[in-house]
Amino acid sequence: MHHFHREGFDLPTGAVLLAEGDVFRNQAFSYGPSAFAIQFHIELTTAMVGRWTRRMSERAHQPGAQEAAEHFAGRALHDWKTAMFLEAFLDRWLKTDRRSASA
């Protein structure tokens, strides 16, 4: 997962962890039947990685920062997992949305 931030968070009591990362464990969670939180950029494309890594050159030397090559290598290695998560998340969210809309 790509991260351009320095923040992490603890899960609220009763939340269900949906995705985790190596640097910041909690990356996505659900809370109840229809509230979701996502820390990482699930919408990220290769073109976006290119733009973002060019723009973040001033952050490249901060502790824990990744160089552009690391972002692209990580995308090549993990993109399929992000795509699977997005598909499963959208299925879950849309089912939840339909249920609450008909109630």
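Within segment 20-37, the set of residues being modelled with pLDDT under 85 and more than 15 Å from Lys81 (Cα to Cα) comprises Val23, Phe24, Pro33, Ser34.
Residues checked against (1) out of contact with any helix residue (DSSP H, G or I) (no Cβ under 8 Å at 6 or more places or on another chain); (2) at pLDDT below 75:
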position	(1), (2)
Arg54	no, no
Glu58	yes, yes
Gly64	yes, yes
Ala69	yes, no
Ala73	yes, no
His78	yes, no
Ala88	yes, no
Asp91	yes, no
Arg98	yes, yes
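The values are calculated or read from the model by the stated rules, or taken from the named source; none is laboratory data. The structure displayed is predicted, hence computed values, not measured ones. Ideal geometry is used to build each Cβ from the backbone, glycine not excepted, and the neighbour counts take in all protein chains shown.
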